[in-house]
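Chemist: Once you've had a glance at the structure underneath, I'll fire off some questions.
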Amino acid sequence: MARFRPEHAAPGLIAAGLLTCACVLQAVRPAPVELLELKTFDWRARVARHFARQVATNLGLVFISDKTIAVLSSGELGFRYGLYWPRHIYGRAVHELATQGANAIAIDILFGELRPDHAPVQVDQSVEPGLEQWLGALRKAEPLLRVEDKLVVESDEYFAWRLRQARNVILAAEATLVPHPLFATNALCLGDVALAPDPDGVMRRVKVFSEYRIWHPLFKLAESDPDYGIDLRKARVERDKIVLERTGLPDIVVPLDAEGNFELADFIGENIPAGWAPKAKPFRTVRVWQLGIALAAQQLGLDLERAELDLARGRVVISNASGLRRVIPVDADGYMHIDWSIRPGDRELTKEPLEELLRKHVLRTRAGAAPPADTWRDKLAIICSAATGSDLADRGATPLESEGLLVGAHLNVANSVLTGRFVRHAGLLCELALICALGVCTAFGSWRFRPGWATANALALGFIYLGVCAWVYVQQRYWLPIVMPLVGGVLLQHAGLVTYRVVFAERERRRVRSIFSKLVAPEVVQELLSTGTLALGGASREVTVMFADLREFTRLTDTARAEAAEFVRRHGLTGAAAEACFEERARSTLATVNLYLSIVAETVKNHGGTLDKYIGDCVMAFWGAPRPDPMHGLNAVRAAIAVQRAVAALNRSRMAENLQISRENELRAERGEPPLPLLPVLSLGIGINSGVVTVGLMGSESHILNYTVFGRDVNLASRLENLSAGAQILIGEATFNHLVKLDAALASKCVPMPPATVKGFRDPIKFYMVTFE
């Protein structure tokens, strides 16, 4: 029987390790992987639109364009308004659509406030029965104004009246901008239009529904008062109170009773208006469905109030009285991916400019005129903006185009509900099984076949799988993962096993020696070479990181430059002579910086640290990698103290030399000779922090390869260095805890500093200053 050798297991271990990493990445979905997968979704959406799409025939757009703005500004329709026209314009559009028999009307424009400054409209109440009574109830004691037997109706009131009369209008809303109650109470319902692009700015998904907090008017009044300084979006609701946070002022705490009510007297004292209860709910929660879903639900008679919400199982079920069901796939946060089958310009859609709809409305109201054709009968209409270069512009990136009308999101959501076709994701177990299946097939071919055939096998597997993913999405809108199965299951498996077959261990030894010879002490390099478990590709380690930065460096460079310029000016130097003067000062400045940084570098090595890199006039080093060091925190602090003492000794020496130079300059001045420059004296600010970080090689083999660390605790060490003054050592709380365990005497010399808020950290950090002699 052949003797077992460890390298026999290496291919299997490599394959298993790569598959495990790929599966973990698929499960965790880090941002880069997720972004690449989203790009494949865009590709599939474009392919599916070209080969197989279902479009409902009763969807349409009434769009506001640049021409609409021009027509309304010209007055050719009998009224003349600028860009921000009165709300009765929308009321006229709603009236015309309702008259033509539109099944539902959605307005993708936000009406968050009343506009009393808008021009009113005169209405013949003989053709509007019930308007006078409705206005009387709305205005209560306020008298109605008439001009020549016509009621004068405020623009907002007219719009609300048309909403009430139509009974099928869905108004756009966002959690931070809900339509005014005058509009919301007269509309059919609200439709959420909040759009959340993915990190690359592309709109791919929407939230199926959102829970809005509709605050009590007193809270809204307090928010509008700058003296209160509150933002209800940041309100913290607890069991027995509401905390209203204020910047620079004490928080406002509103107590709640056992039923969750607050006392109105807490806001307005005892002068509670007549008819108001002394207690009330601070807010009410309203579920607002996505605009496209609300629109399609009106067409299909779906009961949104009785929807089954099962986010744990990734679905929302809505149905009607006839048994029609729509199962919407969602993620844990309630988002659905949009089946981008429609562009707003597609011929299957009914489309009409707003000015043409208004022209029909004007024609319909003229006595004796023939009524216009009912273009919108049994249709679902969305009033939206297609204008450019104004506040009405509503454009962005979608999977189908880099800049398109974002109303397409609502159109496609409505289309999915109408046709019952949704984008569905493969489950995690299915995704992992696909990765493993591709990985096993690739690993077998990469190990058994000759390199050329192994590569052909990997390419064939990749292309076949890519085709299957496209076909399944086009036919069923089923989203199989592409990135990690191809990258982790095929590419990495093939690359890893082929690389193992051609790379020798001695090459790795030379690489380790070349990388670490200048970063750590020679004995550390030898120890690394003697171990067979060194991993440079990336590992999680507990280390201590130090940043040491030269203070006064900017002043040094500015002073050197200014002195050189003054010398050139005084001596009338030009051309090569002047350039030589500036270069000499630059060499002197660089020599000074190198002198100080070399002290840091040598001290780091002498204390068992790893020199990471030079960042301008800053040195970055760490302890605990590549060689484990259980005393990494203590060694780092001792090294920092040694650095500061060495710098202090260097500064004393340079100041003594400066005294001699000053005396020499006095003699040179008497002889009329130019003075010699004094030696710059600099100081170091040091920041140190300990924690678990990612450590490994970063960069390219063919260019620059750096053994480094990165992570949250590395950033904190850098922030501490920024806080430090010259000749000061600041350490994080984790490093201080190391000192407490390993060197209590040194820990006793650490002075706690006031917590500070630094960039990248939400909460104030605790840190200490190390004192030394």
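The values are calculated or read from the model by the stated rules, or taken from the named source; none is laboratory data. Computed from a predicted model, the values in this text were never measured in an experiment. With ideal geometry, Cβ positions are generated from the backbone for all residues, glycine too; neighbour counts draw on all protein chains shown. These accessible areas exclude ligands, DNA and RNA; they are computed on the full protein's heavy atoms, side chains included. Shrake-Rupley method; radii C 1.70, N 1.55, O 1.52, S 1.80 Å.
Chemist: Just checking, which of Asp339, Asp333, Asp257, Asp266 is in contact (Cβ under 8 Å) with a residue 12 or more places away in the chain, assigned to a loop (DSSP other than H, G, I, E, B), open to solvent by 70 Å² or more (accessible area, probe 1.4 Å) and charged (D, E, K, R)?
Modeler: Answer to the check: Asp333.
Chemist: Given Thr610, Thr603, which one is more than 14 Å from Val545 (Cα to Cα) and among the β-branched types (Val, Ile, Thr)?
Modeler: Unique residue meeting the criteria: Thr603.
Chemist: Where the second residue is basic (Lys, Arg) and modelled with pLDDT of 90 or more and the first is assigned to a strand (DSSP E or B) and lies in segment 224-237, which pairs have Cβ atoms under 9 Å and are six or more apart or on separate chains?
Modeler: Once the first residue is assigned to a strand (DSSP E or B) and sits in segment 224-237, its partners that are basic (Lys, Arg) and modelled with pLDDT of 90 or more give Val237/Arg213.
Chemist: Could you tell me which residue of segment 627-643 is nearest to Arg654 (Cα to Cα), considering only residues that are in contact with a Gly (Cβ under 9 Å, 6 or more places away or on another chain) and part of a loop (DSSP other than H, G, I, E, B)?
Modeler: Met631
Chemist: Sticking with this structure for a sec: Residue by residue through segment 739-755, note down the ones that are touching a strand residue (DSSP E or B) at 6+ places or on another chain (Cβ under 6 Å) and not β-branched (Val, Ile, Thr).
Modeler: Cys750, Pro752, Met753, Pro755
Chemist: While we're here: In segment 648-683, which residue that is in contact with a helix residue (DSSP H, G or I) (Cβ under 6 Å, 6 or more places away or on another chain) and under 22 Å from Arg551 (Cβ atoms) is surrounded by the fewest Cβ atoms within 10 Å (Cβ to Cβ)?
Modeler: For segment 648-683, the residue satisfying everything is Leu678.
Chemist: Which number in (1) open to solvent by less than 50 Å² (accessible area, probe 1.4 Å); (2) over 30 Å from Ala27 (Cβ atoms); (3) among the hydroxyl-bearing types (Ser, Thr, Tyr) marks the one condition that Ser416 misses?
Modeler: (2)
Chemist: While we're on this one: Within segment 269-277, identify whether any single residue is acidic (Asp, Glu) and surrounded by 12 or more Cβ atoms within 10 Å (Cβ to Cβ), and answer yes or no.
Modeler: Looking for residues that are acidic (Asp, Glu) and surrounded by 12 or more Cβ atoms within 10 Å (Cβ to Cβ), one finds none in segment 269-277, hence no.
Chemist: Oh, and also: Of Pro116, Pro86, Pro129, Pro143, which residue is in contact (Cβ under 8 Å) with a residue 40 or more places away in the chain, out of contact with any Cys (no Cβ under 7 Å at 6 or more places or on another chain) and surrounded by fewer than 18 Cβ atoms within 10 Å (Cβ to Cβ)?
Modeler: Just a single option satisfies the conditions, and that option is Pro116.
Chemist: Are there strands (runs of 3 or more DSSP E) fully within segment 728-773 with at least 3 residues that are more than 15 Å from Ala717 (Cα to Cα)? List them.
Modeler: Counting at least 3 such residues, we get 750-756.
Chemist: When you check Arg501 against the structure, is it over 30 Å from Val440 (Cβ atoms), modelled with pLDDT of 60 or more and outside any strand (DSSP E or B), yes or no?
Modeler: no
Chemist: Residue by residue through segment 541-561, note down the ones that are closer than 21 Å to Glu673 by Cα and surrounded by fewer than 18 Cβ atoms within 10 Å (Cβ to Cβ).
Modeler: Thr559, Arg561 - these are the residues of segment 541-561 that are closer than 21 Å to Glu673 by Cα and surrounded by fewer than 18 Cβ atoms within 10 Å (Cβ to Cβ).
Chemist: Next up: Among the candidates Ala194, Ala187, single out the residue that is part of a loop (DSSP other than H, G, I, E, B), open to solvent by less than 20 Å² (accessible area, probe 1.4 Å), without any contact (Cβ under 8 Å) to a residue 40 or more places away in the chain and closer than 30 Å to Ile338 by Cα.
Modeler: Ala187
Chemist: Could you say which residue among Val714, Val695 is in contact (Cβ under 8 Å) with a residue 40 or more places away in the chain, over 30 Å from Glu584 (Cβ atoms) and in a strand (DSSP E or B)?
Modeler: Of Val714, Val695, the one residue that is in contact (Cβ under 8 Å) with a residue 40 or more places away in the chain, over 30 Å from Glu584 (Cβ atoms) and in a strand (DSSP E or B) is Val695.
Chemist: Enumerate the pairs (first residue in segment 421-436 and within 21 Å of Val327 (Cα to Cα) and open to solvent by 60 Å² or more (accessible area, probe 1.4 Å); second residue anywhere and of a type outside the set (Ser, Thr, Tyr) and assigned to a strand (DSSP E or B)) with beta-carbon separation below 6 Å, excluding pairs fewer than 6 apart on the same chain, so at least 6 apart or on different chains.
Modeler: Taking only residues 6 or more apart or on different chains, the pairs are Arg424/Pro329; His425/Trp479.
Chemist: For segment 671-694, which positions are more than 30 Å from Gly726 (Cβ to Cβ) and either among the aliphatic types (A, V, I, L, M) or modelled with pLDDT of 80 or more (or both)?
Modeler: Across segment 671-694, the qualifying residues are Val692, Thr694.
Chemist: When you scan segment 59-69, do you find a residue that is farther than 30 Å from Val417 by Cβ and assigned to a loop (DSSP other than H, G, I, E, B), even just one?
Modeler: no
For every residue, the table says whether it meets (1) assigned to a helix (DSSP H, G or I); (2) surrounded by 14 or more Cβ atoms within 10 Å (Cβ to Cβ).
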{"site": "Glu563", "(1), (2)": "yes, yes"}
{"site": "Ala577", "(1), (2)": "yes, no"}
{"site": "Cys581", "(1), (2)": "yes, yes"}
{"site": "Leu590", "(1), (2)": "yes, no"}
{"site": "Ser598", "(1), (2)": "yes, no"}
{"site": "Thr603", "(1), (2)": "yes, yes"}
{"site": "Leu611", "(1), (2)": "no, yes"}
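Chemist: Looking at (1) on the phi > 0 side of the Ramachandran plot; (2) open to solvent by 80 Å² or more (accessible area, probe 1.4 Å), which is the only condition Arg236 fails?
Modeler: For Arg236, the failing item is (1).
Chemist: In this structure, is Arg627 within 18 Å of His607 (Cα to Cα), surrounded by fewer than 17 Cβ atoms within 10 Å (Cβ to Cβ), charged (D, E, K, R) and in contact (Cβ under 8 Å) with a residue 40 or more places away in the chain?
Modeler: Considered against the rule, which asks whether it is within 18 Å of His607 (Cα to Cα), surrounded by fewer than 17 Cβ atoms within 10 Å (Cβ to Cβ), charged (D, E, K, R) and in contact (Cβ under 8 Å) with a residue 40 or more places away in the chain, Arg627 comes out as no.
Chemist: Moving to a separate point now. With the checklist (1) farther than 30 Å from Leu110 by Cβ; (2) open to solvent by 10 Å² or more (accessible area, probe 1.4 Å); (3) assigned to a helix (DSSP H, G or I); (4) not hydrophobic (A, V, I, L, M, F, W, C) in hand, flag the one item Arg44 doesn't pass.
Modeler: (2)
Chemist: Take the residues in segment 399-413 that are open to solvent by less than 10 Å² (accessible area, probe 1.4 Å) and in contact with a Phe, Trp or Tyr (Cβ under 9 Å, 6 or more places away or on another chain), then tell me which one is farthest from Trp43 (Cα to Cα).
Modeler: Restricting to residues being open to solvent by less than 10 Å² (accessible area, probe 1.4 Å) and in contact with a Phe, Trp or Tyr (Cβ under 9 Å, 6 or more places away or on another chain), the top hit is Val407.
Chemist: Scan segment 49-58 for residues that are crowded, with 16+ Cβ neighbours inside 10 Å and outside any loop (DSSP other than H, G, I, E, B) and report the count.
Modeler: 1
Chemist: Follow-up question, since we're still on this one. Residues being open to solvent by less than 40 Å² (accessible area, probe 1.4 Å), among the aliphatic types (A, V, I, L, M) and closer than 10 Å to Val490 by Cα: count how many of those fall in segment 437-460.
Modeler: Selection size over segment 437-460: 3.
Chemist: Another question about this same structure. Using the structure shown, decide if Glu96 is assigned to a helix (DSSP H, G or I) and open to solvent by less than 10 Å² (accessible area, probe 1.4 Å).
Modeler: yes
Chemist: Could you please find all residues in segment 61-81 being over 19 Å from Ala173 (Cα atoms) and open to solvent by less than 40 Å² (accessible area, probe 1.4 Å)?
Modeler: Answer for segment 61-81, where residues must be over 19 Å from Ala173 (Cα atoms) and open to solvent by less than 40 Å² (accessible area, probe 1.4 Å): Ser65, Thr68, Ile69, Val71, Leu72, Gly75, Leu77, Phe79.
Chemist: Let me ask something additional. Name the residue, out of Ala187, Ala196, that is aliphatic (A, V, I, L, M), within 18 Å of Gln290 (Cα to Cα) and modelled with pLDDT under 90.
Modeler: Exactly one of Ala187, Ala196 is aliphatic (A, V, I, L, M), within 18 Å of Gln290 (Cα to Cα) and modelled with pLDDT under 90, namely Ala196.
Chemist: For segment 543-552, indicate whether the set of residues that are part of a loop (DSSP other than H, G, I, E, B) and under 30 Å from Ala725 (Cβ atoms) is non-empty.
Modeler: Looking for residues that are part of a loop (DSSP other than H, G, I, E, B) and under 30 Å from Ala725 (Cβ atoms), one finds at least one in segment 543-552, hence yes.
Chemist: Right, another one. Got at least one residue in segment 145-164 being at pLDDT below 95, of a type in the set (S, T, N, Q) and out of contact with any strand residue (DSSP E or B) (no Cβ under 9 Å at 6 or more places or on another chain)?
Modeler: There is no residue in segment 145-164 that is at pLDDT below 95, of a type in the set (S, T, N, Q) and out of contact with any strand residue (DSSP E or B) (no Cβ under 9 Å at 6 or more places or on another chain).
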